[in-house]
Amino acid sequence: MDNLGYLFAAYTIIFVVIFGYVLFIWRRQAALEAELQSLESRLASLDSNANPSRTGGARQS
Amino acid sequence: MNGRAIRIGLGVLVLALMLAALYMVFVVVPTEADQGIVQRIFYFHVPCAWVAFASFALVAVAGIFYLWLGDQVWDDMGYAAAEVGTIFCGLVLITGSIWAKPIWGAWWTWDSRLTTTLILFLLYCGYLMLRSMAGDSEQGARFGAVVGIVAAIDVPIVIVSVRLWRTIHPAVLVTRQGGHGLEDPRMVATLLVALAAFTALFIWILCLRFVTLRMRTRLRTLAGSLAMAELADQP
């Protein structure tokens, strides 16, 4: 059981680094998703202002 | 089946394979006679190296396709693979160093395998720094592709370094005399399960990172369209 500390350290570092990296990607993905949604809605509202016949106007007629 | 479902399914597969690999490493495989329990680092150290090499090969392939076709998808693929590869190459160096201390009596030695692996790690750190400094420019993507292709030349050098130069690093998978150095079939089985687990992990993380980069590219395009639309909207 000599050197158990080295074995424990190696496996711990592997899992901490991988878990940290996956967490970083998930958080980045969530932030990008929110940003994308906000941009898409702004673009859609601008588009409907510029072409009312393609959105609300078309539905009313 | 959509992309999100595939990524979740792959994540579950990674978890199952990783648990199986840990069970094999800590329960099934016998303790190596010379090195003792610390030799078990080998079963995750080698798969980390495999993932790093596969990533860097993918960076080179993506770089070639980007330079050839100029499609942003290849640049995103190369960038994602370079990041994943650098992280796993860092893990190879760290776990190797932890393994070396009780066996060689030193954290680090300027052995050919270790030195060429460190060079590989630094080359891809350089790639990531270049990409970070160049921002989203097309020129940065082109330079990145060239650096990724040139840096991948070090991968075969790392692999054959134990045969080319005098080294204290063990040649376990293919020994200098030929054949492999794993005397027990359970050791081979454990290594294969760990390799399968890390291959699945590599594909999963690469997919996650690639999707993030694709989203960033789409965000850039949308921001451009929005700026144009706002400009056109002004009286």
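The values are calculated or read from the model by the stated rules, or taken from the named source; none is laboratory data. In this text, all values refer to a predicted model and were calculated from it rather than measured experimentally. Please note: Cβ atoms are built from the backbone with ideal geometry, for glycine as well, and neighbour counts cover all protein chains shown.
Note on the stretch B:38-64: residues that are closer than 18 Å to residue B:96 by Cβ, crowded, with 24+ Cβ neighbours inside 10 Å and away from chain A (no Cβ under 14 Å) amount to 1.
Confirm whether residue B:158 is in contact with a His (Cβ under 6 Å, 6 or more places away or on another chain), assigned to a helix (DSSP H, G or I) and within 28 Å of residue B:35 (Cα to Cα). Here the answer is no, as residue B:158 does not meet what is asked. Output the residues belonging to the stretch B:97-131 that are out of contact with any Lys or Arg (no Cβ under 7 Å at 6 or more places or on another chain) and within 14 Å of chain A (Cβ to nearest Cβ). Residues satisfying the conditions are B:97, B:98, B:99, B:100, B:101, B:102, B:103, B:104, B:105, B:106, B:121, B:128.
Here's the yes/no breakdown for (1) at pLDDT below 95; (2) surrounded by fewer than 14 Cβ atoms within 10 Å (Cβ to Cβ); (3) among the small types (Gly, Ala, Ser):
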residue	(1), (2), (3)
B:154	yes, no, no
B:159	yes, no, no
B:169	yes, no, no
B:183	yes, yes, no
B:199	no, no, no
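Scanning the stretch A:1-49 for residues that are among the hydroxyl-bearing types (Ser, Thr, Tyr) and either closer than 14 Å to residue B:208 by Cα or modelled with pLDDT of 90 or more (or both), we see that the one that is surrounded by the most Cβ atoms within 10 Å (Cβ to Cβ) is A:6.
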